[in-house]
Amino acid sequence: MTHSRRPPYVVRPDTAVLTRGFDPRLSVGSARPAVFRSSTYVFSSPEAAERAFLIALGKERASPGESVDLIYSRLSHPNAEILEDQIVPLEKGATAAAVFNSGMAGISTICTTFCQPGASLVYTAPIYGGTQHLIHQLLEPYGMQGIPVPAGDTAALRQAVEGARNLKLVLIETPANPTLTMTDVADASRAAARHPDRPLVAVDNTFLGPSFQHPLQLGADLVVYSATKFLSGFSDMLAGVVLAKEAELVARLRGTRAILGNILQPDECWLLDGRLPTVGLRMSRQSKNAQHIAEALAGHPKIARLHYPSLFTDPEQVRIRDAQCDFPGGLLSFEMTGGKRAAFAVLRNLHIAKNAVSLGGVETLACHPASTTHSELSPEELLRYGVSDSLVRLSVGVEDWRDLVAELRGALDAA
Ligand SMILES: *Cc1c(COP(=O)(O)O)cnc(C)c1O
């Protein structure tokens, strides 16, 4: 059984997300996908079962258009197939996707699939706390070497890639959290392509994708998301997605996923699938709101420094932004003149915006990274990556921006 019957004509992504990957005739005519909660699937014949296992184990390849029987839901299930097929058109340059039960599940499956003991991986720093933990506490003890490079340093990243031995993976998170420093994906991808080991380039696109940043078009091989954030958009579920230019890479990830057992469950697939048609609408509104807020707060006497892509002044950051981002996105951060006390005071005085970690939901969230999301970093690392004690991060939602500006101004004045 397959849900991947596609229209014979080419449509644009916003249309494709609503038309491909799902055939109502396979779900008693329901206009939207049903949830298939079965853990196991009845084979159409013993021969079909044998064939399905040969393909699942990679011993044979499915021929184009062949309908292969499903086996068991840890390997794949209809809701994963529907979601994986429908999300592909949203990522420019992608041909295949694999869904995971969190963003971290996606990132760890990439690392364990493509890096072996003795391999090195270059990554931008700061990187998501869970990813940093994965590298230091899991990959390095297993004999892999992590090589950090400061986000935004184009020459240092190129040199790190050129100088690394047995290099299997270049992992870029851009923009960096929480300073929004951008890293040049195209330059790193060219360096990786010249490297004798031909390492894969993976980009954590959680902050600006899929709407505003398209790493596969810049030369990256893999894009990974915490779909917990903008893709799902309501702060009510955990999910991860990896997309690739080459379907073969996704097939390898699915092989690891089948063993680790970290495929996204049917109910979560169904939920996320229903959010895909509105991700562009939500992200546009969030980006416009954040733009209004950034403009309104820039120059406020209590703010020492504000970080927002459309207000970048560093020429190299402006260059990277213009080369790889369509819009500035829904995240911004600012440093208070009054240090940690003032940052905490702002958080205490917010009511529409909630004091919580995570991001990308329709509701505005604010947090103090140095004492929460980035508290695992040493004082030297915090300093090096610009995560000061006075910094507040905002993930802007879809509320009326005028209410958010009024509340933020009031909280700043009171701080
Ligand atoms: C949240 C996040 C992750 C981890 O995703 P989970 O869904 O929480 O596992 C990875 N990268 C970035 C940039 C994130 O914001």
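The figures follow:
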item	result
Condition check for L359: within 16 Å of the ligand (Cβ to nearest atom) and buried (at least 22 other Cβ atoms within 10 Å of the Cβ)	yes
Condition met for E376 (within 16 Å of the ligand (Cβ to nearest atom) and surrounded by fewer than 22 Cβ atoms within 10 Å (Cβ to Cβ))	yes
Filter result for the condition that a residue is modelled with pLDDT under 95, within 16 Å of the ligand (Cβ to nearest atom) and surrounded by fewer than 24 Cβ atoms within 10 Å (Cβ to Cβ), over G129, G152	G129
Test result for R305, more than 25 Å from I82 (Cβ to Cβ), among the basic types (K, R) and not in a helix (DSSP H, G or I)	yes
Residues satisfying the stated conditions in region 190-220, i.e. among the basic types (K, R) and either free of Cβ contacts under 8 Å to residues at least 24 places away in the same chain or buried (at least 23 other Cβ atoms within 10 Å of the Cβ) (or both)	R198
Condition check for S333: out of contact with any helix residue (DSSP H, G or I) (no Cβ under 7 Å at 6 or more places or on another chain), assigned to a strand (DSSP E or B) and on the phi < 0 side of the Ramachandran plot	yes
Condition check for A323: within 14 Å of L408 (Cβ to Cβ), of a type in the set (A, V, I, L, M) and not assigned by TED's automatic domain parsing to the domain that holds N205	no
Residue tally, condition under 27 Å from the mean Cα position of the chain (by Cα) and under 17 Å from E335 (Cα atoms), over region 382-415	15
Elements of type helices (runs of 4 or more DSSP H) in region 223-300, at least 1 residues being away from the ligand (no atom under 14 Å from the Cβ) and more than 22 Å from W401 (Cβ to Cβ)	247-260, 266-275
Complete set of residues in region 357-415 that are within 17 Å of A176 (Cα to Cα) and of a type in the set (K, R)	R384, R393
Of all residues making up region 177-211, the number that are within 19 Å of V88 (Cβ to Cβ) and within 13 Å of the ligand (Cβ to nearest atom)	7
Count of residues meeting criterion [touching a helix residue (DSSP H, G or I) at 6+ places or on another chain (Cβ under 9 Å) and exposed (fewer than 15 other Cβ atoms within 10 Å of the Cβ)] in region 339-351	2
Enumeration of residues in region 43-69 that are more than 21 Å from E248 (Cβ to Cβ) and in contact (Cβ under 8 Å) with a residue 60 or more places away in the chain	D69
Some residue of region 116-123 being in the same structural domain as I259 (by TED's automatic domain parsing) and under 26 Å from S388 (Cα atoms)	yes
Test: residue in region 167-174 that is within 13 Å of the chain's Cα centre (by Cα), part of a helix (DSSP H, G or I) and within 13 Å of the ligand (Cβ to nearest atom)	no
Scope region 67-85; condition in a helix (DSSP H, G or I) and away from the ligand (no atom under 16 Å from the Cβ); matching residues	P78, N79, A80, E81, I82, E84, D85
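The values are calculated or read from the model by the stated rules, or taken from the named source; none is laboratory data. Here the structure is a predicted model, which is why all the values come from computation and not from measurement. Cβ coordinates were reconstructed from backbone atoms using ideal geometry, including for glycine residues, and neighbour counts include every protein chain displayed.
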